[in-house]
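Input: a single structure, listed below in structure tokens.
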Amino acid sequence: MAWTWRFEKADGTQTAPPVEPEDFPTQGDAESWLGEVWKELAGGGVDQVHLYEDDTKIYGPMSLHADQAESTG
């Protein structure tokens, strides 16, 4: 299993992140990585993210803008 992030603009279009992600072995690893780089992602044009386990969406969209935080359900 691999945990990955999808990076999007506010309108839902996919965008390339300014920080190169990896495939993570656990959900915790993926979330820890995001916690470390979310400001850099937001500053580089990423507005929201989705977390996937293989091809299954676990949650998202989740805003990277503190004033626009959305539910992760």
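The values are calculated or read from the model by the stated rules, or taken from the named source; none is laboratory data. The structure presented is a predicted model; accordingly, all values stated were derived computationally and were not measured. Here the Cβ positions follow ideal geometry from the backbone for every residue, glycine too, while neighbour counts run over all protein chains shown. What goes into the accessible areas is simple: the full protein's heavy atoms, side chains included, and nothing from ligands, DNA or RNA. Shrake-Rupley method; radii C 1.70, N 1.55, O 1.52, S 1.80 Å.
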Residues in region 32-59 that are closer than 15 Å to residue 6 by Cβ and open to solvent by 70 Å² or more (accessible area, probe 1.4 Å): how many?
-> 5
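Can you tell me how many residues within region 60-71 are farther than 11 Å from residue 6 by Cβ and at pLDDT 95 or above? Step through it out loud before you land on a result.
Filtering region 60-71 for residues farther than 11 Å from residue 6 by Cβ gives 63-71.
The next check asks that each one be at pLDDT 95 or above; those that pass are 63-64.
Residues meeting the conditions: 2.
Say whether the condition of being among the charged types (D, E, K, R) and modelled with pLDDT of 95 or more is met by at least one residue in region 42-53. First the steps, then the outcome.
Going through region 42-53, the residues among the charged types (D, E, K, R) turn out to be 47, 53.
Next cut, modelled with pLDDT of 95 or more only: 47, 53.
Yes, region 42-53 contains a residue that is among the charged types (D, E, K, R) and modelled with pLDDT of 95 or more.
Among 36, 8, 22, 40, which is touching a residue at least 40 places away in the same chain (Cβ under 8 Å) and of a type outside the set (A, V, I, L, M, F, W, C)?
Numbers: 36 fails: touching a residue at least 40 places away in the same chain (Cβ under 8 Å); 22 fails: touching a residue at least 40 places away in the same chain (Cβ under 8 Å); 40 fails: touching a residue at least 40 places away in the same chain (Cβ under 8 Å).
That would be 8, the only listed residue that is touching a residue at least 40 places away in the same chain (Cβ under 8 Å) and of a type outside the set (A, V, I, L, M, F, W, C).
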Residue 23 fails exactly one of (1) at pLDDT below 95; (2) within 9 Å of the chain's Cα centre (by Cα), namely (2)
Check off (1) in a loop (DSSP other than H, G, I, E, B); (2) touching a residue at least 12 places away in the same chain (Cβ under 8 Å) for residue 31 and give me the number that stays unchecked.
-> (1)
